[in-house]
Every structure is written in C-alpha cells, then in structure tokens.
Amino acid sequence: MSALPSPESERRSLRLESWLGAGSFADVYLGALRTPRREDRPVAIKLLGPTAMLSQACQRDLIGEAWVLRQLDGPGMVRIVELLRVEGQLALLTEFVPGRSLAPMPSTRACADAAGQVAHALATAPRGFLHRDIKLANLRLTPDGRVVLLDMGLAQIDGSGAGTNARLAGTLGYMAPECFTARPPTPAVDVYALGATLFALVTGHPLWGRRERRVARELRSFPRMHRAWRGIRLAEVTLPALAVLLDQMLDFDAARRPCAAEVAARLARMSLPGPSLRTVCASVAWPDEPQSIGARVLWEDPV
Ligand SMILES: Nc1ncnc2c1ncn2[C@@H]1O[C@H](COP(=O)(O)OP(=O)(O)O)[C@@H](O)[C@H]1O
Ligand SMILES: [Mg+2]
C-alpha cells in the first residue's frame, strides 16, 4: 500500500526570495527553507541553468561541489545545508552569507586582514583541498568582519570533487602559469590566485588586464617575461613588505611560492596603514536585504 501524501503544511518547502548572482553554469538565489514547526532558514540556492541542466558533466560537478562542501567546516568556508532535487532539478543549498563583496576596500590594513582570513581558511582546510577559483567574485564580507570563501564549483579534495573533467579550470586573470600545463594542480595555485585577488583589492584593478590576458599564452610559457610583466604591475604597490610578499605569491615557479599558512602569518605581522577590517566593517554602509519575489516550490527528494 502506498503512503498517503503528507499534507502541505507538514512538508518542507523552499521560497525563492531574490536573485543573488550567476556564474557560467548556474544561477544563485536567496531563498527560505521552511521546515514544519521550525522557523524559516535563509539559504543560497544554486540551480543549474537550462543548458547545464541537460549536461551530465554539469550535474556531476554540482554533486561534486556538495561532496567537497560536506567536508569543510572552517569559519572561512561557506557551509552546505543540503543537496535537493526540486521539481526534477538539482538544487544546492548553502547558508546565506549576508553582507557584500570585498571590493572596494578603503584601507590597506583591511585588505591584508581579508586576504589573511582566506589564507588561514586555506591553511586549515582538509589536506588535499584545492579551491581553484579564488577571486573577488567568490568572496563575501559579512557585517561582523568575516570573509567567506564561496563557490566550490571547481574545488577538489585529493583530486575528487568538482570540475574533474575540465581541461582548464579557473578564471583567466587569476590562474597560475602551471594551470595551463598538464601538471596536476597543487595548493600553490590557490596561493597564486589569492595573490592576484589581494593585488586587485589593494590597487582597485585586476592584476592582468585585458591586454595582458591577450598575451597570456606567452606570459605563462616564459618565466622571464612573466617576471618582467609582474614587476611592472607590482610597481603600483608602494608598500615594500606587501610588494615583496605579492611578488613571491605570484612567482612563476609554484615551488617558490609561500604556503597559505606563511601568507597568513606574514600578513598578520605586516605593519600597514589604515583601519583594520573590523573597524571598516563597523563604518561602511551595508546593502539592504534583497526584495522578495515570493515564488514557492515544494521540496522533493534529498540527493
Ligand atoms: N551562500 C551565499 N550567500 C550569499 N551570496 C552568495 C552565496 N553563494 C553565492 N552567492 C552569490 O552568487 C554569486 C554566484 O555564486 P557562485 O557560487 O560563485 O556561482 P558560480 O559557480 O556560478 O560562479 C556569488 O558571486 C555571490 O555573489
Ligand atoms: Mg563563482
């Protein structure tokens, strides 16, 4: 005998509140997860776009993303709530991280504090963890001064997780030179991307602009050319200790880059001008909560 369907009031449901952002394959919405007899819980809902929905590889990647998220529990990493199938479609639910993007950041000290938190999150992540897409768009700053790393869409632990079939994984302007070779990636790719992110935060513009991205093939193949170009870009960073650290994080040779723990320690020790990240957070304006679009869907099966 089949079970009677439970009354709607006893079923869990998701309410889509508003659109938060999009990447290449997915849209992310703010939503509320309603559980019988419990308060609504705000969540970020990642749904594959219509073309990605049809692709087995994209679906596998979303499942891989959930698998990696389940193994992370540090304060600097977004937390998974659940992977669901809603109306036949995979939906990855993570905690909603309130706040805003990191940029613009008005003080160099605050930029270093933010990058230091990311370095600490990487240093304390499970062994074998690689994010592979660290950049400003994948970081969020909360009103209490916490920096949270989002988007495990390419992340892996010991080679398993998301993006395992991608030939090139990452975002061009943040990818370390070895990402363009057949060599397997190491944690040094995240240190390089964090260096590019910190550069963008401090100077207000990307490390590799449109012009450099056009010659990216040469830059990633020739260490001397990479060094010369890097030198020109880093001349914009006038604080010597910070410029030296960035130069090392962005070294062409992965083996010469400092590890994430060393980056965190050096950033914390560095004497830099301006208020701390906490002070900045207490004085900046925070965006209002997005307006509700109020669409409601019933939850179906956990995956
Ligand atoms: N948990 C979250 N809390 C708040 N905003 C989020 C959350 N997850 C994603 N976002 C927003 O949605 C955007 C896209 O999400 P992301 O996970 O990076 O998707 P994609 O893999 O498509 O790049 C992010 O840049 C961010 O602005
Ligand atoms: Mg993203």
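Observations
- Filter result for the condition that a residue is in contact (Cβ under 8 Å) with a residue 12 or more places away in the chain and away from ligand 1 (no atom under 12 Å from the Cβ), over ARG100, ARG79, ARG109: ARG109
- Checking the stated criteria, THR186 turns out not to satisfy the condition of being within 16 Å of ligand 1 (Cβ to nearest atom), of a type in the set (Ser, Thr, Tyr) and over 23 Å from PRO275 (Cα atoms).
- Hey, ALA255 surrounded by 16 or more Cβ atoms within 10 Å (Cβ to Cβ), in contact (Cβ under 8 Å) with a residue 12 or more places away in the chain and not acidic (Asp, Glu) or not: no
- Scanning the stretch 135-160 for residues that are more than 15 Å from ILE63 (Cβ to Cβ) and within 14 Å of ligand 2 (Cβ to nearest atom) yields LYS135, LEU136, ALA137, ASN138, LEU139, ARG140, VAL148, LEU149, LEU150, ASP151.
- Residue match in the stretch 166-178 (condition: under 19 Å from MET77 (Cβ atoms), more than 16 Å from ligand 2 (Cβ to nearest atom), in contact (Cβ under 8 Å) with a residue 60 or more places away in the chain and not assigned by TED's automatic domain parsing to the domain that holds GLY21): no
- Any hit, the stretch 50-60, residues being within 16 Å of ligand 2 (Cβ to nearest atom), assigned to a loop (DSSP other than H, G, I, E, B) and on the phi < 0 side of the Ramachandran plot: no
- Pairing residues of the stretch 128-140 that are polar (S, T, N, Q) with residues that are within 11 Å of ligand 2 (Cβ to nearest atom), at Cβ distances under 6 Å and at least 6 apart in sequence or on separate chains, gives ASN138/LEU150; ASN138/ASP151.
- All conditions but one from (1) away from ligand 1 (no atom under 16 Å from the Cβ); (2) buried (at least 24 other Cβ atoms within 10 Å of the Cβ); (3) outside any loop (DSSP other than H, G, I, E, B) apply to ALA125; the one that does not is (3).
- Leading residue by the ranking (modelled with the lowest pLDDT) among those in the stretch 1-44 that are among the polar types (S, T, N, Q) and more than 14 Å from ligand 1 (Cβ to nearest atom): SER2
- Boolean, GLY163 is assigned to a helix (DSSP H, G or I), modelled with pLDDT under 95, within 16 Å of ligand 2 (Cβ to nearest atom) and over 19 Å from PRO42 (Cα atoms): no
- Residue in the stretch 107-120 that is surrounded by the most Cβ atoms within 10 Å (Cβ to Cβ), counting only those that are hydrophobic (A, V, I, L, M, F, W, C) and away from ligand 2 (no atom under 16 Å from the Cβ): ALA115
- Restricted to the stretch 20-46, and to residues there that are of a type in the set (A, V, I, L, M) and within 16 Å of ligand 2 (Cβ to nearest atom), the residue that is surrounded by the fewest Cβ atoms within 10 Å (Cβ to Cβ) is ALA22.
- Counted residues, the stretch 171-200 - those being part of a helix (DSSP H, G or I) and in contact with a strand residue (DSSP E or B) (Cβ under 9 Å, 6 or more places away or on another chain): 3
- Residue match in the stretch 86-103 (condition: on the phi > 0 side of the Ramachandran plot, charged (D, E, K, R) and at pLDDT below 95): yes
The values are calculated or read from the model by the stated rules, or taken from the named source; none is laboratory data. Computed from a prediction, not measured in an experiment: that's the story for all the values here. Virtual Cβ from ideal backbone geometry, glycine too; neighbours counted across all protein chains shown.
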